[in-house]
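Peer 1: Submitted below is the structure of interest, expressed as structure tokens.
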Amino acid sequence: MTIKQPDWEAIERAFRAGALSIRTIADRNGVSDTAIRKKAKAKALGWERDLSEQVRKEVRNKLVRGEVREDQCGNPERDAEIIEEAAEEGATVVRSHRRDIHKAANLAKLLMDDLLTTIKRREDIEDEIERETADDESGFRRSSMLAAVALPSNAKTLFQLSSAMKSVGTKRATPGQKGPEGWCELGGGHRW
């Protein structure tokens, strides 16, 4: 009677895959788990359970692909149409956002230039306000006009414009995207 020799190649593949416990591998191949451990530790062989993460990922991929295939009716032409329509809609939304952001950046720049001019000419403007309101009975109009060109008002305007330009600047490259092909929620419920 001949004794069946273990298939060490199959045992090594199962060991390195890391999907089964060493005891399960041993039971299936008619050897002891100690023998497998000794073989794996042998300097000449040097088996490592280094493929287990890759195996797990592939199992997940196969399961997901299989479930998706089973769930879909399998009309590739219709799928291609849907994908094309969605891609076109996404591109339209992104182009529109880019135009709006460009307009907003230009407007913020114009307002910043006007503010700078106002700050540079503040003394002249204040003198003109004094002359214009010299005959007013009430000082309300004069104080309102002077408050509009005063330093606190200019500082508040500068802060608001800076915030607006910063917001526009962060969205200028690719609005609605986190990366070159990232996804982000946009207004109107679209995701591009």
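The values are calculated or read from the model by the stated rules, or taken from the named source; none is laboratory data. In this text, all values refer to a predicted model and were calculated from it rather than measured experimentally. Neighbour counts run over all protein chains shown; Cβ positions are idealised from the backbone, glycine included.
Peer 1: Confirm whether Thr170 is among the hydroxyl-bearing types (Ser, Thr, Tyr) and at pLDDT 75 or above.
Peer 2: Taking the combined requirement at face value, the residue does not satisfy it.
Peer 1: Of all the residues that make up segment 44-64, how many are at pLDDT below 70, surrounded by 10 or more Cβ atoms within 10 Å (Cβ to Cβ) and part of a loop (DSSP other than H, G, I, E, B)?
Peer 2: 2
Peer 1: Still on this structure: Kindly provide the set of residues from segment 4-29 that are at pLDDT 75 or above, surrounded by 12 or more Cβ atoms within 10 Å (Cβ to Cβ) and part of a loop (DSSP other than H, G, I, E, B), ordered by number.
Peer 2: Pro6, Asp7, Gly18, Leu20
Peer 1: Cβ-Cβ distance below 6 Å, separation of 6 or more or different chains: which pairs start in segment 148-167 with a residue that is over 14 Å from Leu116 (Cβ atoms) and end on one that is surrounded by 14 or more Cβ atoms within 10 Å (Cβ to Cβ)?
Peer 2: Taking only residues 6 or more apart or on different chains, the pairs are Ala164/Ala108.
Peer 1: Out of curiosity, is Glu126 in the same structural domain as Ser163 (by TED's automatic domain parsing) and either part of a loop (DSSP other than H, G, I, E, B) or in contact with a His (Cβ under 9 Å, 6 or more places away or on another chain) (or both)?
Peer 2: no
Peer 1: Follow-up. Check whether at least one residue in segment 113-122 is in a helix (DSSP H, G or I), touching a helix residue (DSSP H, G or I) at 6+ places or on another chain (Cβ under 9 Å), polar (S, T, N, Q) and surrounded by 13 or more Cβ atoms within 10 Å (Cβ to Cβ), and report yes or no.
Peer 2: Within segment 113-122, one or more residues are in a helix (DSSP H, G or I), touching a helix residue (DSSP H, G or I) at 6+ places or on another chain (Cβ under 9 Å), polar (S, T, N, Q) and surrounded by 13 or more Cβ atoms within 10 Å (Cβ to Cβ).
Peer 1: May I pose another question? Say whether the condition of being within 30 Å of Ala164 (Cα to Cα), surrounded by 13 or more Cβ atoms within 10 Å (Cβ to Cβ) and modelled with pLDDT of 75 or more is met by at least one residue in segment 75-92.
Peer 2: Looking for residues that are within 30 Å of Ala164 (Cα to Cα), surrounded by 13 or more Cβ atoms within 10 Å (Cβ to Cβ) and modelled with pLDDT of 75 or more, one finds at least one in segment 75-92, hence yes.
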